[in-house]
Amino acid sequence: MKHNKIINQYLVLTGLFNFGASMSLATYVTFLIWRGLDLFQVNLVNVVFFTTMFFFEVPTGAFADRYGRKKSYIISCFLFSIWEIVYSFSYGMVGFICAEMLAGIGRTFANGAFHAWFVDTLKHHGYTGTTKPLFRKEQLVKQLVSIPGAIIGAYIGTINLSYPWLVGGLIGIVSGCITWIVMKEEYFVVQKTSILHGLKDMLESSRKSIAYVHGHRTLMFIVLANMLMVFSIQAPNMQWQPFFGKSLHSGAFQGYIWAGIALFILAGIYISSWVIKKSSNERMAMIVTLVTSGLGLLAATYSQNYVMISIMFFLLHELPRGAFGPIKDAYLNDLISSKDRATVISCQSAYNHLGCLAGLLISGILAKQYSISLAWTCSGLLLVIVPLWFIFSKNGGVKLNVKTSENSCHDSL
């Protein structure tokens, strides 16, 4: 069937792109330190990445809606490839900052466009089913390819730490070329206007999408819940190695912890549909995953004197984190219209990057000035208290149907 072909194309392209991107995953911080950066500078280049994405997310989403999701995704593949190649040859902050800006822009060209192309292509060919299991498969593919990708990249890095970046860049170029050949966009009609008029329309589309998200209570709930998650996970993401490293006699054991993280996220993705069924709806499922992730993080923090128990709780907190992504993506895509899908998704992604940026800065300050335990405690408490407050507060009871009609959504924009 045509639907199966489109789904398989989407998953293959997802897998290929993320396999290349994962080549440097296990050696990223080690490579930057090897090239002369200290830990503060490592965080700084990450801040540049998220800041760039925050400012470019909505405009590039509008570009995709106006000029085509295929064009946008291909641009992303090639910009990401250039980023990795530039990284491999950089030796100082200036080079890495320029590379991170390229990576940030490249990522924004893909964020809304790829999902929008997938959903609207399926609808164009008569698909009427839910997207929930499809986004769950996408997340599974991302995690599955990242495991061998990171391991292969780490092995290549034993020869030279710059080589994983070169290999990842070459795979990204191959991904862009294959996308150029296989991705079809029959439903899309390019509007022939001047560049100046196109820019004005892109800005207007961006403004309307931001205003629409702010005025739509359920969309705003999704945006804020996602910001809470990404803000809170920056501390464990960036600090688990030094947190557990003090208690582990072998640095090689950290590789097993990393593999465990990927496997527990995979398990979370796999059970995401079950979480929705048990929670009655996507909104409550998102709240459940936030709270349980926070509880796991708190348990890991306060059992640190018993390192294996602490690691167990740390891995368990990854389970609801894995479930959160596909639940959020499916909920979001069910609410928005086809015409402005990429722009609205990109608007949500822009807030996502703002949450990441704030989380990096604040958790870094807490860990440096006080302790990693305090940074993790604050993150865990936020994940538990804020969603529970939302449930019991007067304004928490958002009662909008998940199956909002496309026409009403489009008219609002």
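Which residue, THR128, ALA113, GLY157, has the largest displacement toward the positive end of the dipole of segment 33-184 when charges sit on each Cβ (Lys, Arg +1; Asp, Glu -1)?
Of the options given, the answer is THR128.
What nm distance separates the two modelled labels at LEU224 and TYR302, each placed 7 Å from Cα along Cα→Cβ?
Going from the LEU224 label point to the TYR302 one covers 2.7 nm.
Give, in nm to one decimal, the length gained when the segment between LYS5 and ILE385 is fully stretched (0.36 nm per residue of separation minus the Cα-Cα distance).
132.4 nm
How much length is gained if the chain between THR30 and VAL12 is pulled fully straight, taking 0.36 nm per residue apart and subtracting their Cα-Cα distance, in nm to one decimal?
3.5 nm
Would any residue of segment 350-371 have its amide N under 18 Å from a label point 7 Å out along Cα→Cβ of PHE40? List them or say none.
360-371
Which residues does the label zone of VAL182 cover in segment 1-33, counting backbone N under 11 Å from a point 7 Å along Cα→Cβ?
In segment 1-33, the label zone of VAL182 (backbone N under 11 Å from the point 7 Å along Cα→Cβ) covers 5-17.
Going through the cross-link list LYS137/LYS278; LYS2/LYS277; LYS277/LYS328; LYS123/LYS184; LYS184/LYS328, which pairs have a Cα-Cα distance over 22 Å in this structure?
Too far apart for the 22 Å limit: LYS2/LYS277; LYS184/LYS328.
Suppose each label sits 7 Å from its Cα in the direction of the beta carbon; what would the MET284-TYR155 distance come out to in nanometres?
For the pair MET284/TYR155, the computed spacing is 4.7 nm.
Quick note: the coordinates plus some simple rules give every number you see, no bench work behind them. Because the structure is a prediction, the values reported are computed rather than measured. Cβ: placed from backbone, ideal geometry, glycine included. Neighbour counts: every protein chain shown.
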